[in-house]
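Notes for the one structure printed next.
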């Protein structure tokens, strides 16, 4: 899914580079707002969100880690959090079992 943004996206971050606010504006914002320079087509997964992390070196945003899944690892190529073990490729539908940190067959 893609979205069209016809204005710049600005963010505020705390001392740990956690995004604390996101806003859209067609004019430059003053103060401690960071201009993301996003003003065209962009996959939704790459948009900054509150609670995510801003990397000032790469100027990319990492979405917040899912609280429900502390074992998930960050996959930079898709900018998403994924289970640490690949889904079995046996044609069976599994659910992620956080307690066992494995794929389990639904009951």
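Determine, for 92, 62, the number of other Cβ atoms within 10 Å of each Cβ, and report the residues in order from fewest to most.
Fewest-to-most ranking of 92, 62: 92, 62.
Based on the mean of other Cβ atoms within 10 Å per residue, sort peptides 9-19, 79-89 so the most packed one is first.
9-19, 79-89
Based on the Cα gyration tensor of the chain, what are the three equivalent ellipsoid semi-axes, each the root of five times an eigenvalue, rounded to whole Å and given largest first?
34, 16, 10
A short reminder: the numbers here are calculations on the coordinates, not readings from a lab. Just so we're clear, the structure is a prediction, and the values are computed from it rather than from any experiment. Note: ideal-geometry Cβ built from the backbone for every residue, glycine included; neighbour counts use all protein chains shown.
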